[in-house]
Every structure is written in C-alpha cells, then in structure tokens.
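The values are calculated or read from the model by the stated rules, or taken from the named source; none is laboratory data. Small disclaimer: the values here were computed from a predicted structure and weren't measured. In this analysis, Cβ positions are derived from the backbone assuming ideal geometry, glycine residues included, and neighbour counts consider all displayed protein chains.
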Amino acid sequence: HIAVLGSTNMDLVTYVSKAPQRGETVTGREFRTVPGGKGANQAIAAARAGATVSMIGAVGNDAFGQRLRDTLEHSGVDTDFLATVEGPSGTAHIVVDDEGGNSIVVIPGANGTVDHLAPGDEGVIASADALLLQLEIPLAAVVAGAETARRHGVRTVLTPSPVQPLPPELLAATDLLVPNEYEAITLTGRTDPREAAAALLDLVPEVVVTLGATGSLYVARGAEPLVVPAPRVSAVDTTGAGDTFVGTLAVALAEEKPVREALSWAAAAAAISVQREGASASMPYRPEIEAQYNA
Ligand code: ADP
C-alpha cells in the first residue's frame, strides 16, 4: 500500500507556433485540458504498477476537481482522503511553442489549502509501506506528512520539485530523495551528478538521481553507487517521466525487490511513458512494465 501526499492540477495546455509577447494576441492551434500535478501523477503511476494507493490532498469544488477525482479513481487510486474544498482546483497554464519550448504559470488553488494533515490522514500514512511526497503543496504539510510517516516507521520518498531549499526537519524525516539531475545540482551547487548525489548523502540515507535518457544513479550510505541505464527508446513526450519513475520505484521497493531490480523496473515504466503523449495518460500498467522489463 502506497500513500501519496501532494498536488492535483488541471494542466491547461495551449499549442502555438510562437508564444505571444506582452500586448500581443496570437491564434493558437490547439487547447487541451490534461489532469496532472506531481502528487496525482505519482499516485496514478503507483496504482497502475499494481499497488493499492491512497491520494491525500485537495481539489476545488469546480468541474476540474470532479474530473481530477474521476481520473484518479479510474486508475484505481483511493480518493477518500482527497478533500474537496471551496474554490478552484489547482491549475497549470502551459504554452507550448513549435520548438517544444514552454512557459508555465502554476496557480495552486486547492493545493494551497493543504497546509496541515486532516483527521484520518495519519491512519492512512501509518498503514502504508511508503509515503510519496513532492513540493507542490505548502511545505508545512510536507513536513508534517514526513514526520508522521517517520513516527510510524513508514518509508518516505521525496521528489524535491519544484526545487527549493529543504528545511532540516524535512531532510531528517526523508529516507529516499529522488531529484532529477537539475534538482540535484541546484540543491548541492555541484555540477557533476555523482558529486551531487554524494553530497546529498550527507543529508539523507538514500538518493536516486534520475538522468533522463541515461538512466539513474543510486547511492546509499555504506554501499557502492549503482548506475542503472534507461532502455533505449525514441521519446515523443517526456512529461511525467520522473513521476512514473518514482511511483513505480516505490511499488517495487514496497514489494521488496532488490534495489537494482527496482530501479530497472522504474526505468522500464518511465521508458514506456516517454514513448506516448501525455503525463498520467501515458503511464503503463503492470503487465506492460513486466514486458518491457523482460525485453
Ligand atoms: P524528470 O522527468 O523529472 O525531469 P528525468 O528527465 O531524469 O526526470 O527522467 C526520469 C526518468 O525517466 C529517467 O531516469 C529515465 O528512466 C526515464 N526517461 C526520461 N527520458 C527518457 C528517454 N528519453 N528515454 C528513456 N527513458 C527516459
């Protein structure tokens, strides 16, 4: 059983040949609404990988909120601990241009109300094998969640995104930190991912740095570093690759797969997701992960 404490967002994606400058109006090509948010994405990845998953967080009492809840439930995520609050759901306003460049405005909406644990959350966290956390809800709740998990001996997995300084009490309650390369470098000021990973080990006991198409690097105190390559695939959309990786990794570790195997499993799932359009929509189900893993 995996618990996720984090964000749900509706991504409002506009495709244009060239993004408008201030004062300019342009005609775009396409508009899509895509359920997202790092918390929801990791929850969906974990559920599709075969775990029972509970999502803790909040959506607004608007149409987006209902659709976000439906999307989670459709992938088998339990939403009993996902609150519906007065006001808008979280949204991300994304403009994608023809060169694949993007600009994004995130409005936290309901995610911003998740600044403490609700009654009942402690019970779900305590019964989980792992609690997955990211930084798209107020830090106070992330800290409270991590400390609650720690108190119950539940493994905490933190994705430090959007990257920001991590308070000591959060680091003290984090078991596994999973930054991408940019986040690892930003957190440590080291430019080499290996050095960054080593520096992060001074703060938490286990670190996985994801390295895009290269794969991932695992380091733990007192163990040899592991480099696990990503399958070679042709990527069409890498949105949500990191969330697929983390959600799947947590499931594999909860099943007590050895670390190298768990990392390969996560890489297999992420490799499938980058070959398809969309974030959560592109996430694979367990039989597909196993087929890719065994390929
Ligand atoms: P994020 O999506 O958070 O920026 P990364 O770019 O490091 O993180 O990607 C996360 C994981 O997704 C990688 O460790 C890798 O397993 C997988 N991945 C990402 N891009 C590719 C790719 N082009 N080919 C295969 N796997 C990929």
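In segment 54-74, which residues are buried (at least 19 other Cβ atoms within 10 Å of the Cβ) and within 20 Å of residue 281 (Cβ to Cβ)?
We begin by selecting, within segment 54-74, every residue buried (at least 19 other Cβ atoms within 10 Å of the Cβ); these are 54-60, 64-65, 68-69, 71-72.
Answer for segment 54-74, where residues must be buried (at least 19 other Cβ atoms within 10 Å of the Cβ) and within 20 Å of residue 281 (Cβ to Cβ): 55, 57, 59, 64, 65, 68, 69, 71, 72.
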Q) Could we say that residue 20 is under 21 Å from residue 133 (Cβ atoms), out of contact with any Cys (no Cβ under 7 Å at 6 or more places or on another chain), surrounded by fewer than 16 Cβ atoms within 10 Å (Cβ to Cβ) and modelled with pLDDT under 95 here? A) no
**Q.** Cβ-Cβ under 8 Å pairs, at least 6 apart or on other chains, segment 81-109 side in contact (Cβ under 8 Å) with a residue 12 or more places away in the chain and buried (at least 17 other Cβ atoms within 10 Å of the Cβ), far side aromatic (Phe, Trp, Tyr) and assigned to a helix (DSSP H, G or I)
**A.** 88/64; 89/64; 91/64
Q: Enumerate the strands (runs of 3 or more DSSP E) found wholly within segment 60-166, keeping only those where 1 or more residues are at pLDDT 95 or above and not hydrophobic (A, V, I, L, M, F, W, C).
A: 82-85, 90-96, 155-158
(Q) Quick check on my filter: what residues within segment 210-229 are among the aliphatic types (A, V, I, L, M) and more than 17 Å from the chain's Cα centre (by Cα)? (A) 213, 217, 219, 220, 223, 226, 227, 228
Q. Looking at (1) near the ligand (Cβ under 9 Å from one of its atoms); (2) polar (S, T, N, Q); (3) touching a residue at least 40 places away in the same chain (Cβ under 8 Å), which is the only condition residue 292 fails?
A. (1)
Q) For residue 250, which of the numbered conditions (1) in contact with a strand residue (DSSP E or B) (Cβ under 6 Å, 6 or more places away or on another chain); (2) more than 22 Å from residue 128 (Cβ to Cβ); (3) within 15 Å of the ligand (Cβ to nearest atom) fails to hold? A) (2)
Q) Which condition number in (1) surrounded by fewer than 24 Cβ atoms within 10 Å (Cβ to Cβ); (2) at positive phi is the one that residue 25 fails? A) (2)
(Q) Within segment 172-246, considering only strands (runs of 3 or more DSSP E) that don't extend past its boundaries, which have at least 1 residues that are without any contact (Cβ under 8 Å) to a residue 24 or more places away in the chain and within 14 Å of the ligand (Cβ to nearest atom)? (A) 226-229
Q | Exclusive hit being assigned to a helix (DSSP H, G or I) and touching a Phe, Trp or Tyr at 6+ places or on another chain (Cβ under 9 Å), set 40, 45 | A | 45
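Mind listing whichever residues of segment 119-134 are without any contact (Cβ under 8 Å) to a residue 60 or more places away in the chain and among the aliphatic types (A, V, I, L, M)? First the steps, then the outcome.
Of segment 119-134, the ones without any contact (Cβ under 8 Å) to a residue 60 or more places away in the chain are 119-120, 122-123, 126.
Of everything in segment 119-134, just one residue is without any contact (Cβ under 8 Å) to a residue 60 or more places away in the chain and among the aliphatic types (A, V, I, L, M), namely 126.
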Q: Could you please find all residues in segment 176-216 being under 23 Å from residue 229 (Cα atoms) and among the acidic types (Asp, Glu)?
A: 181, 183, 192, 195, 206
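To keep it simple, each residue is scored yes or no on (1) under 21 Å from residue 32 (Cβ atoms); (2) modelled with pLDDT of 95 or more.
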{"position": "224", "(1), (2)": "no, no"}
{"position": "230", "(1), (2)": "no, yes"}
{"position": "239", "(1), (2)": "yes, no"}
{"position": "244", "(1), (2)": "yes, yes"}
{"position": "254", "(1), (2)": "no, yes"}
{"position": "261", "(1), (2)": "no, yes"}
{"position": "266", "(1), (2)": "no, yes"}
{"position": "285", "(1), (2)": "no, yes"}
{"position": "291", "(1), (2)": "no, yes"}
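Residues 97, 115: which one is charged (D, E, K, R) and closer than 24 Å to residue 170 by Cα?
On the way: 97 fails: closer than 24 Å to residue 170 by Cα.
When all the criteria are applied, what remains is 115.
Matching residues to (1) touching a Phe, Trp or Tyr at 6+ places or on another chain (Cβ under 8 Å); (2) hydrophobic (A, V, I, L, M, F, W, C):
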{"site": "51", "(1), (2)": "no, yes"}
{"site": "75", "(1), (2)": "no, no"}
{"site": "94", "(1), (2)": "no, yes"}
{"site": "99", "(1), (2)": "no, no"}
{"site": "111", "(1), (2)": "no, no"}
{"site": "116", "(1), (2)": "no, no"}
{"site": "120", "(1), (2)": "yes, no"}
{"site": "125", "(1), (2)": "no, yes"}
{"site": "136", "(1), (2)": "no, no"}
